[in-house]
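Each remark here refers to the structure printed beneath this line.
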Amino acid sequence: MEIRWLKQNKAADVIVVFGGWAVGPDVFAHLAGPQDLLFASDYRNLDAELPDLSGYQNVTLVAWSFGVAAYAHWQKDRTDPFDRKIAVNGTLAPVDEVRGIPPAVLAKTAEGLSEQSFAQFLRRTFNAPQPPRSIDVEARRAELHAVAARGAAPAVTFDQVWLSGRDRIFPPVNQHRAWDGATLRELPTAAHAPFDQFDSWQGVIW
């Protein structure tokens, strides 16, 4: 797992983002806010440690897509540093026929991964064509296999769960099943990457 600061200005509060697969932090770049930002990605392993966040007044988690299960696996046997946890378009069973991405879909994505198929994935992530992006095919294929092999994550209580009505990566019906009983907030017209629905981090985490 890779952990890096996106913004570190000695703010009062910090947001730790466990991001999605292969997309990177640019999807959040337009979100305004005073908070410091720490970004976790690459879930081939979950060995990395967060820096000491005890000096912040509020420590908030935003876990998106595969980041939801990755966080829950990572948190097991570690002290929970978060005051508030937000899940966005992901589940604790990331590769699952009824609560996540169907296994056959993930297997097909991994086996056929290429620059061209990644462009199709991005289009489905945003529900719109995206500028070409390069991808380390072998590394990202290994990450998909690692996520699948890790399986469902331990139960974690999220304070809020965002769910997009037009998610073409994690089927909305599966997300509803996975989060039965949780505090859901729906974005009826949003894509898997729903951050264009917000202009500030406060909108995501409130």
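Side notes on the structure shown:
- Computed label-point distance, nm, for sites K76 and A32 using a 7 Å Cα→Cβ extension: 4.2
- Sorting T109, T157, T60 on solvent-accessible area from highest to lowest, probe radius 1.4 Å, gives T157, T109, T60.
- Note on surface exposure: W5, W74 rank W5, W74 by accessible area, highest first, 1.4 Å probe.
- With the charge dipole of the range 95-206 set up from +1 on Lys and Arg Cβ and -1 on Asp and Glu Cβ about the Cα centre, the Cα lying farthest toward the positive end among the listed residues L187, T109, A155 is that of T109.
- Among the listed options (1) 49, 37, 31; (2) 45, 36, 35; (3) 45, 40, 31, the one matching Cα extents along the principal axes in Å as calculated from these coordinates is (2).
- With contacts taken as Cα pairs under 8 Å and at least 6 residues apart, the range 1-130 reaches a relative contact order of 23 percent.
- Backbone N under 12 Å from the K7 label point (7 Å along Cα→Cβ), restricted to the range 13-42: 13-16, 28-38
- Using a probe of 1.4 Å on the protein chains alone, the accessible area found for E49 is around 110 Å².
- The magnitude of the dipole of the range 75-167, with charges of +1 and -1 set on the Cβ of Lys/Arg and Asp/Glu and taken from the Cα centre, is near 180 debye.
The values are calculated or read from the model by the stated rules, or taken from the named source; none is laboratory data. Predicted model, so just to flag it, every value in this text is computed and none were measured. Methodologically, a virtual Cβ is constructed for each residue, glycine included, from the backbone with ideal geometry; neighbour enumeration extends over all protein chains shown. Just so you know, the surface numbers come from the protein's heavy atoms only, side chains and all, with ligands and any DNA or RNA stripped out. Shrake-Rupley method; radii C 1.70, N 1.55, O 1.52, S 1.80 Å.
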